[in-house]
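Everything below concerns the one structure shown next.
What follows draws every value from the coordinates through simple rules; no lab data is involved. Note that the coordinates shown come from a computational prediction; the quantities given were computed from them, not determined experimentally. Neighbour counts are summed over all protein chains in view; Cβ atoms, including those assigned to glycine, are modelled from backbone coordinates with ideal geometry.
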Amino acid sequence: MSIWEKMLDLDRRWIFLLIGIACVVPFFTPLGLPILPSQEVIAIYDYIENLTTDNAIFVGFDFDPGTAAENMPMGVAVLRHAFARHIPVFITAYGPLGQGMAAMALEEITNEDSDDYYVYVNWEDWASIREQGITDRAGIEEAWVAAGNTLAENAHGWVFEGRDIAMLGYLPYFHLVILGMSSSIASQFPTDIGGNSLEEMPMYQDHKSLRDIDLAVTTSGSSACVAWITYGREKIGLPVAFGVTAVMATDYYIYMQSGQIIGQMGGLRGAAEYETLLLRDGYTKSPGKAFVGMDVQNIAHLLIIFLVILGNIAFFAGGFNKKTKLKGRR
Amino acid sequence: MSETIGIWVAAIFTIGIYSFLYKENPLYRLSEHLVVGISTGFGIAVTFTQVLKPKLIEPIVTGEHGAWLLLIPAILGLLYITRFFSGVAWLSRYPMAFLMGAGMGIGFPLSMKASVLRQLEASLVPLYEAGMPWDVVVGNIVMVLGTLAALIYFFFSKPHKGPFFGTGSKIGIWVIMVGFGATFGFTVMGRISLLIGRIQFLLGDWLHILK
């Protein structure tokens, strides 16, 4: 067996081991390679940057745990951006598992051990402020602080349930739900997942249907994102942005080309680019999970490229391109 | 305490799934079956508590005004179960027919617009206009000619010979291969991302080695 044949016959488990090592070591010796945000990610960021407290967005957690490593940082980054700018966010899920993912994202953002956490104020906790007739964002925060509540030093701000966020959750046949929400959000989700009436929420009073919504960001691990285009964008002109897995990214660039979406985050890299922008503008104090993972990604890619080149050298140098099949086990 | 147990369970099953890379083993099989089972169970629980209970069962039980109308979709839905009884299995075709008909009626016009007409419109771009940046000109030419070439490759009513069909289909296959290559590259990135996510969990949440 020649050396070329031995190389091509290498037990694939050695390659798995190498990739494993390449994905662990950079966590301990970060290279700090720069991440340059792409135009399609900047477009989403700038769009949200230009929204105010009078606007509102939808964030769809349209993925399940299988793609959470890619989609979750996108959802978390967009939520952080919206919370920082006090833009009301309606959270939905295309599948039942997506609702759990949304809850996990919120848990991450409100985790007190984090450098960049937000304090979640439950619907019932600020009932007395609503009873005074205060519904505007600045007024709510002012009354909340006047009531003796103080923000921890490492906290970014408050998130008032019903004013800053409404966790609507999952409903089946979500494309029909999108259609229904184009007339009235409350017709599809009379309450949030906690059972709080949507019609009583201040954020609903100004945004009763999808026609009053300024952006829908769908973080998706399946073709669910197309439903937002088909039934949201094409039906009522709802601006839509995608956060899709890397595997899907090439398939959905066409919607950028056609102008049907305002931007797209593709895979972990897209999420890392968004995190870079948040870090740049001071919305976060430390890099997010995607940002940290990109060093590892770069090293793993270099190793894969090296192995592909090595495999091709062995293939051609061994003359296997002239044979009908390789010798050996495989 | 419950969180710690959850993290340990998740860590053990993560290792169980990745143990397949060494060879198939019982822990991998157990992990795989649990993923499918728990996902289905979670889905059923969420659907029951958020859909069936508040939107069907409670309105009917409390006698809400007009709730009897809900019996129609409820009965249609129940007809699916007749699939399990060969004598009346044909009844399950009614909800399927309803869903297919309604789905086509609602979805077809909008899908056609979103996925076909808009894409056609986006392909009809000027190759050159005064003042257009050169990179846009090159991009438009590549896109228009590439789209045409790929379409020629899938045109099977004429033999792929001669300057138009022959050369066109050869360019077309190169364009398609470039597309596949880009997709493959993104797929590699995606798979590595998933591995990174799990390693972050194992080293961070489980072993607390990473912050």
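Just a few scattered comments:
- Chain A: most fluctuating residue of A:GLY311, A:GLY162, A:GLY180 per GNM, C-alpha cutoff 10 Å: A:GLY311
- Residues whose amide H comes within less than 5 Å of that of A:TYR120, counting only those at least five positions distant or on another chain, are A:VAL159 (H built at 1.01 Å from N in the peptide plane).
- Inter-part distance where the stretch A:144-168 and the stretch B:35-77 are each reduced to a Cα centre, Å: 34 Å
- Taking Lys and Arg as +1 and Asp and Glu as -1, the other residues whose beta-carbon sits under 11 Å from that of A:ALA84 total -2.
- Bridge type composition, chain A - antiparallel percent by DSSP, nearest 5: 5 percent
- Cα-based reach from B:LYS113 at 12 Å (exclusive), listing aspartates and glutamates while leaving out same-chain residues under 8 positions away: A:GLU234, B:GLU121
- All alpha carbon pair distances within the stretch B:125-211 were sorted into 10 Å bins beginning at 0; the resulting P(r) in whole percents reads 15, 24, 22, 16, 13, 9, 1.
- In a DSSP loop and with at most 12 other Cβ atoms within 10 Å, the trypsin sites (Lys or Arg not before Pro) in the stretch B:1-65 are B:LYS23.
- Across the stretch B:62-142, Cα-Cα pairs more than 16 Å apart make up 72 percent of the total.
- Remark: the stretch B:89-102, residue by residue, has Karplus-estimated 3J(HN,Hα) of 4, 4, 5, 5, 6, 5, x, 5, 4, 4, 5, 5, x, 5 Hz, where x stands for each Gly or Pro and the curve is 6.51 cos²θ - 1.76 cosθ + 1.60 at θ = phi - 60°.
- Residues B:ILE7 and B:ARG191, FRET efficiency given R0 of 30 Å [Cβ-Cβ distance, rounded to 0.05]: 0.80
- Ranked by how many other beta carbons lie within 10 Å on average, peptides A:120-126, B:63-69, B:38-44 from highest: A:120-126, B:38-44, B:63-69
- For the residues of A:291-301, the average number of beta carbons from a partner chain within 10 Å of their own beta carbon is 4.
- Inter-label distance for A:THR135 and B:LEU27, nm, one decimal - labels placed 7 Å from Cα along Cα-to-Cβ: 5.6 nm
- In terms of the mean number of neighbouring beta-carbon atoms within 10 Å, the peptides A:98-111, A:35-48 order highest first as A:98-111, A:35-48.
- Under Karplus coefficients 6.51, -1.76 and 1.60, residue-wise ³J(HN,Hα) of the stretch A:8-21 in Hz, glycine/proline x: 6, 9, 4, 4, 5, 5, 5, 5, 4, 5, 4, 4, x, 5
- Sites matching GluC sites (Glu not before Pro) across the stretch B:1-49 that sit in DSSP coil, with at most 14 neighbouring C-beta atoms within 10 Å: B:GLU24
- Here the Karplus relation 6.51 cos²θ - 1.76 cosθ + 1.60, evaluated at θ = phi - 60°, turns the backbone of the stretch B:133-145 into coupling constants of x, 5, 5, 5, 4, 4, x, 5, 4, 4, 5, 5, 5 Hz, with x for every Gly and Pro.
- Average beta carbon contacts from partner chains per residue of A:228-240, 10 Å cutoff: 3
- Mean partner shielding of peptide B:194-206, defined as the number of other chain Cβ atoms within 10 Å of each residue Cβ, is 6.
- Cross-link check: pairs A:LYS208/A:LYS235; A:LYS289/B:LYS53; A:LYS208/B:LYS55 evaluated at a Cα-Cα cut-off of 26 Å; pairs beyond the cut-off: A:LYS289/B:LYS53.
- Cα centroid of the stretch B:150-164 to Cα centroid of the stretch A:235-267, whole Å: 31 Å
- Global form of the stretch A:36-285, assessed from the alpha-carbon gyration tensor, a/c cut-off 1.5: oblate
- Spacing of the modelled spin labels on B:ILE17 and A:ARG13, each 7 Å from Cα toward Cβ, amounts to 2.1 nm.
- Euclidean distance between Cα centres, the stretch A:26-86 to the stretch A:92-118, Å: 13 Å
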